[in-house]
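**Student:** My structure is below; once you've seen it, I'll send some questions.
The values are calculated or read from the model by the stated rules, or taken from the named source; none is laboratory data. Please read these numbers as outputs of a predicted model, since none were measured by experiment. Glycine also receives a Cβ, built like all others from the backbone with ideal geometry; neighbour counts cover every protein chain displayed. Protein only, heavy atoms only, side chains kept; ligands, DNA and RNA dropped before computing areas. Shrake-Rupley method; radii C 1.70, N 1.55, O 1.52, S 1.80 Å.
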Amino acid sequence: MAEIHSAAASDIAGHEYLAFKLGAEEYGIDILKVQEIRGYEAVTRIANAPDFIKGVINLRGIIIPVVDMRIKFNLGSPVYDQFTVVIILNIAGRIVGMVVDSVSDVTTLTADQVKPAPEMGTAFSSDYMIGLGTIDERMLILVNIDKLMSSPEMGLIEQLAA
């Protein structure tokens, strides 16, 4: 079992992660999935869409869905202020926007800084966690954004081949 975790940690380590905040927690996603970061702007609501899908925006002629991760992860009522940003992701060729509280930096994690994801039954399913990155006193919850966005409950992207 430890070999599996260390193999996973070495796969995760050495990658660059974009750190962003949702509520009081800091998350990290693979920087290679990020196309751009934009300030939050009004979205066009789509009737009967789930609450966490804020709507769509026109990104230079491409209409893309925008997901509010604070609503998706049940982190209270979202506040839209000058720090609120939309991370534009390119996942399997599909462009998706993700609203977060703020972004902080891009960091590279070594194998020693990546710990396996614990099993926990919280609002955030650990199925989408690939590990925990520790940098001094800071902890990044590393999210498998491909798996999260292609999950059946999100319904945004067809299931990716495993």
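**Student:** Can you find, within segment 40-61, the residue that is surrounded by the most Cβ atoms within 10 Å (Cβ to Cβ) among those that are of a type in the set (Val, Ile, Thr) and not in a loop (DSSP other than H, G, I, E, B)? Show your work before the answer.
**Tutor:** Let us first name the residues in segment 40-61 that are of a type in the set (Val, Ile, Thr), namely 43-44, 46, 53, 56-57.
Then drop every residue that is not not in a loop (DSSP other than H, G, I, E, B), which leaves 44, 53, 56-57.
Working: Thr44: 11, Ile53: 21, Val56: 17, Ile57: 19.
This residue is Ile53.
**Student:** Right, something else. Count, please, the residues in segment 79-109 that happen to be part of a strand (DSSP E or B) and either open to solvent by less than 40 Å² (accessible area, probe 1.4 Å) or in contact (Cβ under 8 Å) with a residue 60 or more places away in the chain (or both).
**Tutor:** Looking only at that region, the number is 20.
**Student:** Output the qualifying pairs, or none if there are none: Cβ atoms under 9 angstrom, residues six or more apart or on different chains, first residue in segment 67-78 and surrounded by fewer than 20 Cβ atoms within 10 Å (Cβ to Cβ), second residue charged (D, E, K, R) and assigned to a helix (DSSP H, G or I).
**Tutor:** Gly76/Arg70; Ser77/Arg70; Pro78/Arg70
**Student:** Starting from segment 126-137, take each residue that is closer than 13 Å to Lys115 by Cα and polar (S, T, N, Q) and list its partners that are open to solvent by less than 60 Å² (accessible area, probe 1.4 Å) and part of a strand (DSSP E or B), counting only C-beta distances under 9 angstrom and pairs at least six apart or across chains.
**Tutor:** Thr134/Val114; Thr134/Leu140
**Student:** In addition: Check Ile37, Ile64 and return the single one that is open to solvent by less than 40 Å² (accessible area, probe 1.4 Å), β-branched (Val, Ile, Thr) and either assigned to a strand (DSSP E or B) or at pLDDT below 90 (or both).
**Tutor:** On the way: Ile37 fails: open to solvent by less than 40 Å² (accessible area, probe 1.4 Å).
After ruling out the rest, the residue left standing is Ile64.
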